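Visitor: Below you'll find the structure I mean.
The values are calculated or read from the model by the stated rules, or taken from the named source; none is laboratory data. Since the structure is predicted, the reported quantities are computational estimates derived from the model, not experimental observations. Cβ: placed from backbone, ideal geometry, glycine included. Neighbour counts: every protein chain shown. These accessible areas exclude ligands, DNA and RNA; they are computed on the full protein's heavy atoms, side chains included. Shrake-Rupley method; radii C 1.70, N 1.55, O 1.52, S 1.80 Å.
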Amino acid sequence: EQEGRRIYIGWMSNWRYANQVPTKEWRSAMTLPRELTLATIRDGIRVIQKPVKEVNSIKLENFVLQEMTIESGKALSFPVFGLVIRHSETENTKVSIDVLNDLLLVDRTQSGEYNFSSSFPSVQEAPIVLKNNRVKLKLFMDTSSIEVFANDGEIAVTSLIFPSELSKELVL
């Protein structure tokens, strides 16, 4: 607890592969510090996780996409939408929303080195509900991790990734 705030820092690894990750520098890396609160939402009481406000001072790049509409000449509904973080021609990490099944998906099956454990290449899923047909995402990424916070902290997904190159572009 700090200044009346409840702060949490977790481990990014998973016991299924923690001792097998292909690195020394990023073994047992920790998540961003998070401020935890309780909130009542549609399903009941939930722990809300938001990056602490101090994280804003260390961001190297920041861009905001607001009120963005993608039009194709007709009113279309996409059952799945998201973004791809392209590390190289063959490596990427995908963050997507499956609207039909109300899921946030973080797919690291093509994110880089993953042969060290059959448990590592995975698609993480978290239940999500769009609010007024919108979702609010906050992503933090560094050399070997991605942290996704959705709908003001209702959902938090953290993943280790081991791309062979630094991220080159973001594709919507």
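Visitor: Expressed in nm to one decimal, what extension gain is obtained for the pair THR90 and LYS131 from 0.36 nm per residue of sequence separation less their Cα-Cα distance?
Guide: On the way: separation 41, 0.36 × 41 = 14.76 nm, distance 3.40 nm.
Additional length available on full extension: 11.4 nm.
Visitor: At 1.4 Å probe size, with every protein chain present, just tell me what the per residue accessible area of the stretch 74-172 comes to in Å².
Guide: Values: 5320 Å² over 99 residues.
Computed with neighbouring chains in place, this is 54 Å² per residue.
Visitor: Take the alpha-carbon positions of the stretch 74-172, form their convex hull, and give its projected area averaged over all directions (one quarter of the hull surface) in nm². Show your work: numbers first, answer last.
Guide: Details: hull surface 28.0 nm².
Convex hull of Cα atoms, orientation-averaged projection: 7.0 nm².
Visitor: For the stretch 104-153, which whole percent of the accessible surface, found with a 1.4 angstrom probe, sits on carbon and sulfur atoms?
Guide: Numbers: 1080 of 2490 Å².
That share works out to 43 percent.
Visitor: While we're here: Which parts of the stretch 86-103 would a label at LEU170 reach, counting a residue when its backbone N lies under 17 Å from a point 7 Å out along Cα-to-Cβ?
Guide: Once the point is set 7 Å along Cα→Cβ of LEU170, 86-88, 92-97 turn out to lie under 17 Å by backbone N, inside the stretch 86-103.
Visitor: Sort the following peptides by mean Cβ neighbour count (other Cβ atoms within 10 Å, averaged over residues), highest first: 144-154, 34-44. Could the numbers behind the result be given before it?
Guide: Numbers: 144-154: 19.7, 34-44: 11.6.
So the order, starting with the most tightly packed, is 144-154, 34-44.
Visitor: Please compare each pair in LYS94/LYS168; LYS53/LYS136; LYS53/LYS168; LYS50/LYS131; LYS94/LYS136; LYS24/LYS53 to a cut-off of 25 Å on the Cα-Cα distance and tell me which ones are over it. Write down the numbers at each step before the final one.
Guide: Working: LYS94/LYS168 14 Å; LYS53/LYS136 17 Å; LYS53/LYS168 27 Å; LYS50/LYS131 18 Å; LYS94/LYS136 16 Å; LYS24/LYS53 29 Å.
The answer is LYS53/LYS168; LYS24/LYS53.
Visitor: Further, regarding this structure: Which FRET efficiency value, to the nearest 0.05, is calculated for ARG42 and SER119 with the Förster distance at 30 angstrom and r the Cβ-Cβ distance?
Guide: 0.40
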